[in-house]
Amino acid sequence: MRALVLALLPSLALAAAPAPARRVTSLLVPMDPASEANAVQMEGYMNEALGNFAGFTVRKPEELFGLPGDPAAQSALERARKGYSESAAAFDKKEYDEAEAKVRATLKELNGAPSSMRGCSPLCESLALYAALLHLRGDVEEAKLVLIDLIAVSPTFELNPKRFSREFISLRVQVATGRTSLLRGSATVKSRPSGARVYVDGEMAGYTPVTIPTLAVGKHLLRIERPGFRQYGQLMEVTPDDVEVSTELVPTASYKAYDAQLDRVASEVSRGIAQANGVAGLGKSLGLERAMVGTVKASGEGNELILGYYDLRNGKKLGGRRVVLQGDEFGQLKAEMERMVNQMVNTSDGGAEKVVRSSDPLDNRGGTEDWGAEDRGGRTRSEEKKKKKADDPLDGVSGTEDW
């Protein structure tokens with residue numbers, strides 16, 4: 001018996017092995033500059049919806065095209081870290097002239113490092129050290145200006161009482177509660193191409209072009225990211241006047257190769273070709289098996305979306321939709337994209353792909369599903385139909401039927 005079980009184990013293991021997950025993604029081709037930013041956002045919503053299906057492995061744009069950093073910025077950051085360490089050591093030894101020279105050089109390096117920074121270190125520490133040196137030298141007003149920059153980039157940064165004097169820490173509190181620190185400005189960030197993610201002081205602020213209001217005056221860490229392009233960053237100086245930052249992003253080699261195929265792909269999607277060889281070639285180059293591929297074009301009513309669901313192994317179109325999306329003023333765009341993805345995948349695959357169900361019983365319910373079914377008295381119409389006719393001839397009669 002034991003020998004029989006051992007002999008069957010390999011067969012049982014093979015029978016229980018799950019089917020390999022299909023590599024899928026969403027790719028939208030913007031047909032005009034006005035739809036570039038919306039295309040990136042819609043791609044993200046569709047990828048989220050695809051991620052809810054069992055048997056799919058979603059490849060995000062950053063995985064397909066890369067999200068490389070700036071080597072020059074990374075080198076500048078490494079030099080800045082070393083420079084701050086040396087300046088802090090000199091400060092602790094009370095070698096203030098050497099500490100000031102080194103921290104000035106550190107701050108100069110940090111001007112070229114924001115695209116590689118994921119926090120305010122060592123910028124915050126360097127600003128605090130430089131302000132303390134100015135304060136020791138008697139340049140109180142200059143020290144206040146540096147502290148304004150420190151507070152702008154990190155309002156909660158704490159000064160080390162073991163390193164800094166009580167007078168300097170009090171000056172920082174004075175600046176934080178002063179009139180200048182309460183001033184606000186706005187920044188408009190643009191990029192070519194648009195649709196890049198914008199981070200200010202490490203927080204997501206939207207997609208280019210975007211205007212960020214009510215920023216504290218002073219320096220802020222700005223980082224711009226778009227899959228397939230080199231990351232960009234700068235120390236952005238915000239003033240009470242409007243500030244504008246504009247940059248042209250540098251594409252990667254893989255994105256250039258992808259971009260070269262888009263004209264043919266857009267033509268096949270727009271014409272609704274059932275066997276799209278260009279789409280199949282795109283899937284082969286990206287190592288994908290299924291994809292939502294579409295075009296987006298700005299129109300007077302919103303964004304016209306032509307979307308197809310393709311088997312990229314042979315270019316066969318499995319489903320498609322053509323819709324005009326009215327925008328995202330009330331957050332409805334994500335739900336609309338999710339409905340389209342679910343409908344096309346479930347219809348084209350015969351319902352074989354099962355949507356992962358949430359453990360929350362109220363998930364995907366708006367709370368109004370039963371309103372149309374409910375009648376007066378708390379009874380539903382379905383209950384009324386099932387109810388047997390009563391012996392009372394006046395049952396269900398209100399007396400106003402003939403009025």
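The values are calculated or read from the model by the stated rules, or taken from the named source; none is laboratory data. Remember, it's a predicted structure, so these values are computed and weren't measured experimentally. Positions of Cβ are backbone-derived with ideal geometry, glycine not excepted, and every protein chain shown enters the neighbour counts. Accessible surface is based on the protein model in full, side chains and every heavy atom, while ligands, DNA and RNA are left aside. Shrake-Rupley method; radii C 1.70, N 1.55, O 1.52, S 1.80 Å.
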Pulled fully out, how much extra length does the chain show between Glu98 and Lys316, if you take 0.36 nm times their separation in residues and subtract their Cα-Cα distance?
71.6 nm
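Using DSSP to define loop residues, name the trypsin sites (Lys or Arg not before Pro) in region 159-202 whose beta-carbon has at most 12 other beta-carbon atoms within 10 Å.
Lys162, Arg179
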For region 215-239 and region 156-182, compute the distance between their C-alpha centroids and round to whole Å.
25 Å
Label-to-label distance, nm, for residues given as Glu203 and Arg137 (7 Å Cα→Cβ offset)
3.3 nm
Could you state the accessible area per residue of region 279-331 in Å², with a 1.4 Å probe and every protein chain left in place?
45 Å²
Given R₀ = 51 Å, FRET efficiency for Val324-Lys82 by Cβ-Cβ distance, to 0.05?
0.35
Quick check for you: with a 1.4 Å probe and neighbouring chains kept, what is the accessible area per residue of region 62-109, in Å²?
57 Å²
Computed FRET value (nearest 0.05) for Ser186 with Leu262, which takes r as the C-beta separation and R₀ as 35 Å
0.55
The percentage of the accessible area of region 267-322 (probe 1.4 Å, all protein chains present) made up of carbon and sulfur atoms, to the nearest whole number, is 44 percent
At a 10 angstrom cut-off on C-beta neighbours, averaged per residue, how do the peptides 26-34, 321-329 rank from highest to lowest?
26-34, 321-329
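Per residue, how large is the accessible surface of region 115-161? Use a 1.4 angstrom probe and give square angstrom.
41 Å²
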Exceeding 22 Å between C-alpha atoms, which entries from my cross-link table qualify? They are Lys82/Lys190; Lys297/Lys334; Lys144/Lys219.
Lys82/Lys190
DSSP loop (so not H, G, I, E, B), at most 15 other Cβ within 10 Å: list which GluC sites (Glu not before Pro) in region 139-199 pass both filters.
Glu158
Using a 1.4 angstrom probe on heavy atoms only, work out the carbon and sulfur share of the accessible area of region 103-249 in %.
49 percent
Ser254 versus Lys334: modelled label distance in nm, points set 7 Å from Cα along the beta carbon direction:
2.7 nm
Sites Ala176 and Glu62, calculated FRET efficiency, Cβ-Cβ separation with R0 41 Å, nearest 0.05
0.65
